[in-house]
Amino acid sequence: MQVLLLILQITELTKSQTFMSKNEPKILMLGWEFPPVINGGLGVACHDLCIALSKHAKVTMVIPKTYPDFTIENLNLIGLNTIDAKTLRNISYRNDYKNLEEVHYVPSRLNPYYSDHHAVEHLPEIKSKYLTPVEMGDETAEVFTIDDLYGGDVIEKVTVFGKLTAKLALTLDFDIIHAHDWMTMAAGMEIKARTGKPLVMHIHSLEVDRGGEASKGWVYQMEKKGMEYADVLMPVSNFTANVIHQHYGIGKHKIFPVHNGIRPVKAYKGKKRFKEKVVLFVGRLTRQKGPEFFLEIASRVLEVRQDVRFVMAGTGDAFHRLLEKSSYKHIGNRFHLTGFLNLEKVHEMLSIADVYCMPSVSEPFGLSAVEAAQFGVPVVLSKQSGAAEVMKGSLTFDFWDINRASEYIIRLLDDDVLRDKVIADANKDLESISWDLSADKVLDGYRKYKLYME
């Protein structure tokens, strides 16, 4: 008996020593947007992933700007707009900033990541003791004092962010560089070149998703160069992993997909002010999201039954075209474009929806489909999406197959048995979708590619 107790004590002591000696990875995260300055889809994903990772790692997140007094427990959040110039002034490089030499510079106005699910909050100009063009010489931080990170010349902002962040990194302690999308790739490449630390590129969206396969301009070049230079790529789905391999020529050996998580939400059922069924779409009205396919699907369904309202929530360059086309098809009285809705209003729409439809042409993930499932709304979504990989109980179709999509919607409106099954399957799927699980997968990737010593 005493021998057994001694063995148990030794075992517990060994476990304790193993736990105590475990080396948490020190992660330098590079992001472009982050709440509360911008509550866009990219910012929310970076925020929630950082919170989950901070339970198992030491995380420093560097972003262009944040409120000086905004803090998050266990997360070292640094906005370049709040860094005293003395921190960076005396740091010098062996060479000048050169990682963009092979990428032709074209001034551009881009807004690829704004999400219609979330309200946007702007940061007022912050001056005085913070970075100014005079204090930093030719490295100008004034681009981060304006309200909109995606306004004006975004590529200039990306370049300046790269320069300043690379300097700042030389004052920080970290094992791994973890950059999010093309806006932070220049910074990630430069930091790797200066420190020799491994570089992870987290891919949330790509230029070929937004503009199609023919989009091979500056952003595409930056994405390709950045992904080639990275040690590991973490796309948000297997769908995006295939896009990276097929359209950017990156070997599969360094691609490690990590599906997005979802924030818990208190779902509820709202009360309609009308008797018709509701089929809902939420997202940017751009090519990538397939809004015109949603219009065609609506037209097909309304040929069969008139007791349905199709609601399209969001803004984008296709808004007026869709409005005119719905009138031309004589379905304007059953096809409603709401414009931008904040998160509260989106939840109100989900609470009264009978079916959610996501006909995306090329969707790295598709958070809106998962949000709909949280509200108990059966989902019909395109196979060309990452969400289809985790929402396995949903009804899927090729984005161009409007006949199949309209058939699914009609069946869900008519068949309570099918509807209940799709909802029940989605509830099971939701059990495997969380930011804690996403963080665990990121750490698994770090271990698989031996990015740090445990």
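The values are calculated or read from the model by the stated rules, or taken from the named source; none is laboratory data. These numbers come from a predicted model, not from an experiment. Note that each Cβ is placed from the backbone with ideal geometry, even for glycine, and that neighbours are counted across all protein chains shown.
Test of understanding: among Ser406, Ser360, which residue is outside any helix (DSSP H, G or I), among the hydroxyl-bearing types (Ser, Thr, Tyr) and not assigned by TED's automatic domain parsing to the domain that holds Pro257?
Result: Ser360 is the single residue among Ser406, Ser360 that is outside any helix (DSSP H, G or I), among the hydroxyl-bearing types (Ser, Thr, Tyr) and not assigned by TED's automatic domain parsing to the domain that holds Pro257.
How about the stretch 249-284: which of its residues are of a type in the set (Gly, Ala, Ser), within 18 Å of the chain's Cα centre (by Cα) and either surrounded by fewer than 20 Cβ atoms within 10 Å (Cβ to Cβ) or at positive phi (or both)?
Filtering the stretch 249-284 for residues of a type in the set (Gly, Ala, Ser) gives 249, 251, 261, 267, 270, 283.
Remaining after also requiring within 18 Å of the chain's Cα centre (by Cα): 261, 283.
The answer is Gly283, and nothing else.
Pairs needed: first member in the stretch 206-222, touching a residue at least 12 places away in the same chain (Cβ under 8 Å) and in the same structural domain as Asn238 (by TED's automatic domain parsing); second member anywhere, of a type in the set (S, T, N, Q) and surrounded by fewer than 17 Cβ atoms within 10 Å (Cβ to Cβ); C-beta distance under 6 Å; at least 6 residues apart or different chains.
Filtered contacts from the stretch 206-222: Glu207/Ser215; Val208/Ser215.
Suppose we filter Ala439, Ala372, Ala388 for residues that are closer than 21 Å to Pro235 by Cβ, in contact with a strand residue (DSSP E or B) (Cβ under 6 Å, 6 or more places away or on another chain), in a helix (DSSP H, G or I) and touching a residue at least 40 places away in the same chain (Cβ under 8 Å); which single one remains?
Answer to the selection: Ala388.
In this structure, is Glu156 among the charged types (D, E, K, R) and at pLDDT below 80?
no
Inspect all residues belonging to the stretch 427-434 and state whether any of them is without any contact (Cβ under 8 Å) to a residue 40 or more places away in the chain, out of contact with any Pro (no Cβ under 9 Å at 6 or more places or on another chain), in a helix (DSSP H, G or I) and surrounded by fewer than 23 Cβ atoms within 10 Å (Cβ to Cβ).
Yes, the stretch 427-434 contains at least one residue that is without any contact (Cβ under 8 Å) to a residue 40 or more places away in the chain, out of contact with any Pro (no Cβ under 9 Å at 6 or more places or on another chain), in a helix (DSSP H, G or I) and surrounded by fewer than 23 Cβ atoms within 10 Å (Cβ to Cβ).
Would you confirm, using the coordinates I've provided, whether Leu280 is at pLDDT 95 or above, assigned to a helix (DSSP H, G or I) and within 22 Å of Ala405 (Cα to Cα)?
So Leu280 fails the test.
Tyr328 - would you say it is of a type in the set (Phe, Trp, Tyr) and at pLDDT below 95?
Yes.
What residue, among those in the stretch 304-329 that are touching a Ser or Thr at 6+ places or on another chain (Cβ under 9 Å) and surrounded by fewer than 15 Cβ atoms within 10 Å (Cβ to Cβ), is nearest to Leu285 (Cα to Cα)?
Asp317
Checking the structure you have, find out if any residue of the stretch 205-226 is surrounded by fewer than 16 Cβ atoms within 10 Å (Cβ to Cβ), at pLDDT 95 or above, not in a helix (DSSP H, G or I) and not hydrophobic (A, V, I, L, M, F, W, C). Give the derivation first.
To start, the set of residues in the stretch 205-226 that are surrounded by fewer than 16 Cβ atoms within 10 Å (Cβ to Cβ) comprises 212-217.
With the extra rule that they be at pLDDT 95 or above, the set shrinks to none.
For the stretch 205-226, residues surrounded by fewer than 16 Cβ atoms within 10 Å (Cβ to Cβ), at pLDDT 95 or above, not in a helix (DSSP H, G or I) and not hydrophobic (A, V, I, L, M, F, W, C): absent.
Determine whether Ala241 is within 26 Å of Met61 (Cβ to Cβ) and buried (at least 23 other Cβ atoms within 10 Å of the Cβ). Please lay out each step first, then the result.
Values: within 26 Å of Met61 (Cβ to Cβ): yes; buried (at least 23 other Cβ atoms within 10 Å of the Cβ): no.
When the stated conditions are applied, Ala241 does not pass them.
Are any residues in the stretch 62-81 farther than 16 Å from Gly162 by Cβ and either out of contact with any Leu (no Cβ under 8 Å at 6 or more places or on another chain) or assigned to a strand (DSSP E or B) (or both), and if so, which ones?
Passing the criteria: Pro68, Asp69, Ile72, Glu73, Asn74, Leu75, Asn76, Leu77.
Tell me, yes or no, whether the stretch 423-431 has at least one residue that is farther than 30 Å from Phe293 by Cα and either outside the structural domain of Pro198 (by TED's automatic domain parsing) or under 23 Å from the mean Cα position of the chain (by Cα) (or both).
Yes, the stretch 423-431 contains at least one residue that is farther than 30 Å from Phe293 by Cα and either outside the structural domain of Pro198 (by TED's automatic domain parsing) or under 23 Å from the mean Cα position of the chain (by Cα) (or both).
Report whether or not Ala186 is at pLDDT below 95, buried (at least 21 other Cβ atoms within 10 Å of the Cβ) and over 24 Å from Pro364 (Cα atoms). It would help to see each step written out before you state the result.
Values: at pLDDT below 95: yes; buried (at least 21 other Cβ atoms within 10 Å of the Cβ): yes; over 24 Å from Pro364 (Cα atoms): no.
Answer is no for this residue.
For Gln246, which of the numbered conditions (1) polar (S, T, N, Q); (2) surrounded by 14 or more Cβ atoms within 10 Å (Cβ to Cβ); (3) over 19 Å from Met189 (Cα atoms) fails to hold?
Answer for Gln246: the failing condition is (2).
So which residues in the stretch 418-454 are at pLDDT below 95 and among the aliphatic types (A, V, I, L, M)?
Met453
Can you name the residue in the stretch 299-310 that is free of Cβ contacts under 8 Å to residues at least 40 places away in the same chain and touching a strand residue (DSSP E or B) at 6+ places or on another chain (Cβ under 8 Å) and is also farthest from Val278 (Cα to Cα) among such residues?
Checked the stretch 299-310; the qualifying residue farthest from Val278 (Cα to Cα) is Leu302.
Considering only the stretch 353-369, how many residues are of a type in the set (Phe, Trp, Tyr) and without any contact (Cβ under 8 Å) to a residue 24 or more places away in the chain?
Count: 0.
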